Amino acid sequence: MKLDWTEYINRTLNITMHENYGATKDPKVDQPLYEIVFKTGKLVNAYDDGLLLETEREDQSIGIFIPYNSIKCVEIFDF
């Protein structure tokens, strides 16, 4: 099944990424810790290879391009 992302343009998405960025060791237990990475923003456009989100950071508008193969899970707000 292929999802038509254009139906969700201008909606807020919270995307959980596949990658575990910032892997580090916890010195207390000597085991690796993995950060779960989320990207949140308004869906601006959907392309053949990924999604473009827009968000605000430090009073600036930021564009975030997310390739489809990096997406683990998506929450769609104002559904």
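So if a site counts as exposed when it's one of the GluC sites (Glu not before Pro), its DSSP state isn't H, G, I, E or B, and it has at most 16 other Cβ atoms within 10 Å, what's the longest stretch of the chain without one?
Working: sites that count: 19, 35, 58.
Counting only loop sites that pass the neighbour cut-off, the longest clear stretch is 36-57.
Using a Förster distance of 35 angstrom, determine the FRET efficiency expected from the C-beta separation of residue 31 and residue 56, and round it to 0.05. Result of the calculation: an efficiency of 0.45. Sorting 71, 15 by solvent-accessible area of protein heavy atoms yields 71, 15, largest first, with a 1.4 Å probe. The magnitude of the dipole of the chain, with charges of +1 and -1 set on the Cβ of Lys/Arg and Asp/Glu and taken from the Cα centre, is near 200 debye.
Can you tell me the relative contact order of the chain? Whole percent, Cα pairs under 8 Å, sequence separation 6 or more.
Numbers: 143 pairs, mean separation 27.2, N = 79.
Relative contact order comes out at 34 percent.
Which entry in [x] 30, 11, 9; [y] 23, 17, 10; [z] 28, 15, 11 matches semi-axes √(5λ) of the Cα gyration tensor in Å derived from the coordinates of this structure? Recomputing semi-axes √(5λ) of the Cα gyration tensor in Å here picks out [z].
The values are calculated or read from the model by the stated rules, or taken from the named source; none is laboratory data. What you are looking at is a predicted structure, and each value in this text was computed from that prediction instead of being measured. In this analysis, Cβ positions are derived from the backbone assuming ideal geometry, glycine residues included, and neighbour counts consider all displayed protein chains. We work out accessible area using only protein heavy atoms, side chains counted, and drop any ligands, DNA or RNA first. Shrake-Rupley method; radii C 1.70, N 1.55, O 1.52, S 1.80 Å.
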